[in-house]
Amino acid sequence: MAKARSSRLRPLTLRLLTAPTRAYFSRRFIMRTATITRTTKETAITISLNLDQQGGIDIDTGIGFFDHMLDAFAKHGRFGLIVKAQGDLDVDPHHTIEDTGIVLGSCFKQALGDKAGIERFGNAFVPMDESLARVVVDLSGRAYLVFDAELTNQRLGGFDTEVTEDFFQAMAFAGEFNLHAAVLYGRNTHHKIEALFKALGRSMQAAVALNPAVKGIPSTKGVIS
């Protein structure tokens, strides 16, 4: 009897909710995911992204330090992320790192759909010992990057540190969002880059978050593209 009563009450409860709140709960029950494969003569990359499920992180790019950074990004962004990348590392790690940014940005774009109900903006300050990074994003549909970081150590393991900016640019342009990333101060290059990736994760987490107070698409134009 109690179960039958609950079933009858559920539609009534939904009708009592405001339209934005109903839309919010509808979106909450639909996982925002994307899986994209990109293959060129230089790289073969497959990425699966889940915006609404923490955990399920499995990163393998063949570049140890880069794997560590992507793991930190997903962990602190609370995303499910699987990255499988094969590239011409015998030539240079640049292709693998940049193309991973392209595919990851494309996954965010696909998983977000029309962006209805999201916060859209996100920002984060993240310290790593003596270093402090700031990342600000706007999921505006307009691709732009401002990158300000002095990375004095040119190489960390198999990772060319100058390609950090190329990764951020590739992700922002493929994902079609505005990205400002800066290291405000610091000494250790590893700490600077790790703080940047963690701040990127935290700011993206804030920007993609669903908010029942956001009615439809968060833009005065009525569309984000």
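The values are calculated or read from the model by the stated rules, or taken from the named source; none is laboratory data. This one's a predicted model, so the numbers in the text were calculated from it and none came from an experiment. Note that each Cβ is placed from the backbone with ideal geometry, even for glycine, and that neighbours are counted across all protein chains shown.
Would the range 170-188 turn up any residue that is in contact with a Leu (Cβ under 7 Å, 6 or more places away or on another chain), within 23 Å of T96 (Cβ to Cβ) and assigned to a helix (DSSP H, G or I)? Taking every residue of the range 170-188 in turn, at least one turns out to be in contact with a Leu (Cβ under 7 Å, 6 or more places away or on another chain), within 23 Å of T96 (Cβ to Cβ) and assigned to a helix (DSSP H, G or I).
What residue, of F65, F73, F25, is modelled with pLDDT under 95 and either farther than 14 Å from D99 by Cα or in a helix (DSSP H, G or I) (or both)?
Details: F65 fails: modelled with pLDDT under 95; F73 fails: modelled with pLDDT under 95.
Result: F25 is the single residue among F65, F73, F25 that is modelled with pLDDT under 95 and either farther than 14 Å from D99 by Cα or in a helix (DSSP H, G or I) (or both).
Screening the range 165-189 for residues that are out of contact with any helix residue (DSSP H, G or I) (no Cβ under 8 Å at 6 or more places or on another chain) and not basic (K, R) and picking the one that is surrounded by the most Cβ atoms within 10 Å (Cβ to Cβ) gives T189. Is it true that G56 is touching a residue at least 12 places away in the same chain (Cβ under 8 Å), more than 25 Å from D160 (Cα to Cα) and not in a strand (DSSP E or B)? Judged against the criteria, G56 is a match. Sort out which residues of the range 106-122 are crowded, with 22+ Cβ neighbours inside 10 Å, part of a helix (DSSP H, G or I) and in contact with a helix residue (DSSP H, G or I) (Cβ under 6 Å, 6 or more places away or on another chain), and write them in order of number. Scanning the range 106-122 gives a single hit, F108. Residues in the range 162-216 that are more than 13 Å from the chain's Cα centre (by Cα) and either modelled with pLDDT under 95 or hydrophobic (A, V, I, L, M, F, W, C) (or both): 14 in all. Determine if the range 83-98 includes at least one residue that is at pLDDT 95 or above, surrounded by fewer than 16 Cβ atoms within 10 Å (Cβ to Cβ) and more than 20 Å from the chain's Cα centre (by Cα). Yes - at least one qualifying residue is present in the range 83-98. Checked against (1) touching a Leu at 6+ places or on another chain (Cβ under 7 Å); (2) at pLDDT 95 or above, S131 meets all criteria but (1).
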